[in-house]
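J.: Got a structure for you, written out below as structure tokens; questions coming shortly.
Derivation of every value follows stated rules applied to the coordinates shown; laboratory data play no part. Quick caveat: nothing in here was measured; it's all calculated off a predicted structure. All Cβ positions, glycine included, derive from the backbone under ideal geometry; neighbour counts span all protein chains shown.
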Amino acid sequence: MKVVGAVLFIAAAVLPFITATPYIISILTSAFIYIVLAMGLNVVVGYAGLLDLGYIAFMAVGAYTSGILTTTFGLSMLETLPFVVIACIIAGVIIGGPTLRLRSDYLAIVTLGFGEIIRITANNLKITGGPSGVHGIPTWSFFGWSFSDGLNLFGIHFNSKVLFYYFVLFVGIGLAVVAVSRLGRGKMGRAWKSVRDDEDVSEAMGINGYTTKLMAYIIGAVWGGFAGTLMAGHLSAISPNSFLFLYSALVLMAVVLGGMGSTPGVIIGALFVSLAPEFLREFSEWRFLLFGVLLVVAMIFRPKGIWPANAVLPFLKKREIPQIPPTAAVSVVGVLDDGTEDDDGDAWVDADADAGADAGKEGKR
């Protein structure tokens, strides 16, 4: 997995030198933001087993928080990150607190409702710009230097779109992959998977199921808000239509299609969901039908996902060490107690001697 990931990462880093058209860079940047968003949902759905149909709400919280703070209060995108984290934690507690006591379909329906509540609220508040949304959101900047200024490095000029592409690639995806993978392999990740597999048994073993699920929900909310901040800086404008239920379904589709609980699978699923409609754009109104057919075919042949959790590709499997048969594992040399060897060298026990010994023991008693 590490080899495949390294190859794909290097290919993505080299791509702007091969083809750096604004359209391709913009599409790939959006796809990378989808990866960050899907990684957060993977914590909720893949690790903790919580079906969330309104996950796009946290992306909206992050995008609107950074958008309002930059356009109204003059903060930079970097300075808005602490406020985005706080806002997403509060939103995660408010939404997850009462709903995570529910299970199965009830939880999914309630999260769907909260996702729509966030969007409708943003559509009716003055501070969020109402239906028009927030416009003129500045791109990312660091200590007075902005991506819009461009950068000359080793005689190569990088424009703002390419710089933001690399920022999302190295900071967004890199941070998401490392953090989520560490969480999944750590103590908290094992608790999530335990609750996912059997909450009642986990409770009996001392794991607080409600607190564990709430922690997964909050961490997923923070990642969703971070993805929203990236999207706001990428598009420079957001509106309630940017957070329709369709996008929640697409992100959930990326997690399920790639493989729930699988980091490489989620990356592949997010790339497929975000890039496939663009490749099918030449088919005009038929592209969404073809996109749906591709998804159905993929799930038929790969019901557990393109890259399920704990799966290893055939060409990456380690060579198995041949097992020694049990009969050949030990070579008996010599004679056992009260035993002898036959002509083939196999040891056997004298049954009559054993019987006599047992009778002698009984007589002494």
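J.: Just order 103-116, 248-261, 216-229 by mean Cβ neighbour count inside 10 Å, highest at the front, would you?
T.: The packing order, highest mean first, is 216-229, 248-261, 103-116.
J.: All other residues with a Cβ under 12 Å from the Cβ of SER26 taken together, and with Lys, Arg as +1 and Asp, Glu as -1, what is their net charge? Write down the numbers at each step before the final one.
T.: Working: positive: LYS161; negative: GLU278.
Net of charged neighbours comes to 0.
J.: Continuing with the same structure: Could you derive backbone 3J(HN,Hα) for the stretch 107-115 from the dihedral phi with the Karplus parameters 6.51, -1.76 and 1.60 (θ = phi - 60°), listing whole Hz in sequence and x where the residue is Gly or Pro?
T.: 5, 4, 5, 5, 5, 4, x, 5, x
J.: Given axes a ≥ b ≥ c from the Cα gyration tensor, I'd like to know whether the stretch 43-164 is rounded (a/c under 1.5), prolate (a/b larger than b/c) or oblate.
T.: Numbers: a/c = 2.77, a/b = 1.85, b/c = 1.50.
Prolate is the answer for the stretch 43-164, as a/c is 1.5 or above and a/b outweighs b/c.
J.: Within a Cβ distance under 11 Å of GLY96, other residues only, what is the Lys/Arg minus Asp/Glu net charge?
T.: Summing Lys and Arg as +1 and Asp and Glu as -1 gives +1.
J.: Largest first and to the nearest Å, give the Cα extent of the stretch 20-312 along each principal axis.
T.: In descending order, the Cα extents are 60, 42, 40 Å.
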